[in-house]
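Just so you know, all these numbers are worked out from the coordinates, no wet-lab data involved. Computed from a prediction, not measured in an experiment: that's the story for all the values here. We place every Cβ from the backbone using ideal geometry, glycine too, and count neighbours over all the protein chains shown.
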Amino acid sequence: PLYITMPVQLVVADAGTHLVFHDNTWDGRVLLREGEEGAGSGPDRPGTCELRMDGGPLRCWVLAGTPARVLRGWAALTGAPAVPPAWALGYQHARWGFGSADEVRRVVAGYRSRGLPLSAVHLDIDHYDGHRVFTVDRERFPDLPGLAGELDGAGVRLVSIVDPAVKVGDAVHAAGRAVGAHGAFVRDAAGREVRGEVWPGRCAYPDFTRPEVRAWWGGLYAERLDQGFSGVWHDMNEPVSFAPFGETTLPRSARHGLDGEGGDHRAAHNVYALNMARAGWEGLVRLRPGERPFLFSRSGWAGMQRYGG
């Protein structure tokens, strides 16, 4: 599956501008055919857009007018983008393979020695203990808050990756199983946790389409803030499950709360990351009410800009 699927068509033409948003989160196909001007006095062939969805509502929004009016309408419909903190507008360095705190220091020193600006450094899953979310490898990063403070003194912030998949049997998984009446994780029709394979190994997946799960997950970001991180990068949140064949995501039969409506992964897949972003954003706002959060996401849906993008 694509990292992000958002069936929005924006057309800017001499006759005017229009935007069509097919408000349906199910899997589907969009076929666009470009129009052609007729030869000589022959008729023009108009462009077409053909949409076929596997299910869900037949609901679309059409906005027309000048480009500025259309984009204002889109913001009114799906939400205005969140304003990031000023430091997040600067240059940032992201890579996999920071093997230690000293390697981070070496990279930052390299920017400084070359007179290059740098506002933030992103730490990927290699700073985790066994690739498990909300942990730190204490051997390679023995004092992460100290490193964050040292870099902050030089005008450089730390940004942490956060993946949704939770290692089965670890502390976060145990805490999640106590959320609500049935635990925080996606289940199948028989009530069993849906498991997948991700970087830490066998994993469970929080059901971010339930409000109590979003509240629980947002509270976990306190650990990231305590480690000195100033921002969050959501990854692997389509969501991903490694598979030798078939789709690398959750089974389509997996059950989700969908904010009380209930449904399966066919309806929930494209809004999974949007709801994870909402959980993280709202958690950061609760934890640091006087600061603008910095959060961005690999996957998402219409409206993700409200939670940082």
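Cα centroid distance between the range 114-155 and the range 185-202, in Å?
For the range 114-155 versus the range 185-202, the Cα centre distance is 30 Å.
Just to confirm the filter: which GluC sites (Glu not before Pro) across the range 39-140 are DSSP coil and have at most 14 other Cβ within 10 angstrom of their Cβ?
139
Restricting to DSSP loop positions (anything but H, G, I, E, B) with no more than 12 other Cβ atoms inside 10 Å of their own Cβ, which trypsin sites (Lys or Arg not before Pro) remain in the range 126-194?
138, 192
Please report the antiparallel percentage of DSSP beta bridges with both residues in the range 86-307, rounded to the nearest 5.
Antiparallel: roughly 40 percent of the beta bridges in the range 86-307.
Given Cα pairs under 8 Å that are at least 6 residues apart, what percent is the relative contact order of the range 214-280?
38 percent.
Exposure proxy check: 161, 125, 4 ranked by fewest other beta carbons within 10 Å?
4, 125, 161
Apply the Debye scattering formula to the range 86-307, with a single equal point scatterer on each alpha-carbon and no solvent, then give log10 I(q)/I(0) at q = 0.12 Å⁻¹.
Summing over Cα pairs of the range 86-307 leads to -0.64.
For the range 27-60 and the range 230-279, what is the separation of their Cα centres, given in Å?
29 Å
Using DSSP, restrict attention to beta bridges with both residues in the range 56-209 and report what percent are antiparallel, rounded to the nearest 5.
50 percent
Return a whole-number percent for the relative contact order of the chain, with Cα pairs under 8 Å and 6 or more residues apart as the contact set.
18 percent
I need 160, 113, 230, 119 ordered by Cβ neighbour count within 10 Å, fewest first.
113, 119, 230, 160
Between residue 26 and residue 259, with labels modelled 7 Å along Cα→Cβ, what's the label distance in nm to one decimal, could you check?
For the pair residue 26/residue 259, the computed spacing is 2.0 nm.
Please say if the range 43-186 is rounded, prolate or oblate, where rounded means a/c under 1.5 for a ≥ b ≥ c the square roots of the C-alpha gyration tensor eigenvalues, and otherwise the choice is prolate for a/b larger than b/c and oblate otherwise?
Verdict is oblate for the range 43-186.
For the pair residue 51/residue 143, report the inter-label distance in nm, with labels modelled 7 Å from Cα in the Cβ direction.
The two pseudo-label positions are separated by 5.6 nm.
Need one word for the range 209-309: rounded, prolate or oblate. Basis is the Cα gyration tensor (sqrt eigenvalues a ≥ b ≥ c); a/c below 1.5 gives rounded, then a/b vs b/c decides.
prolate
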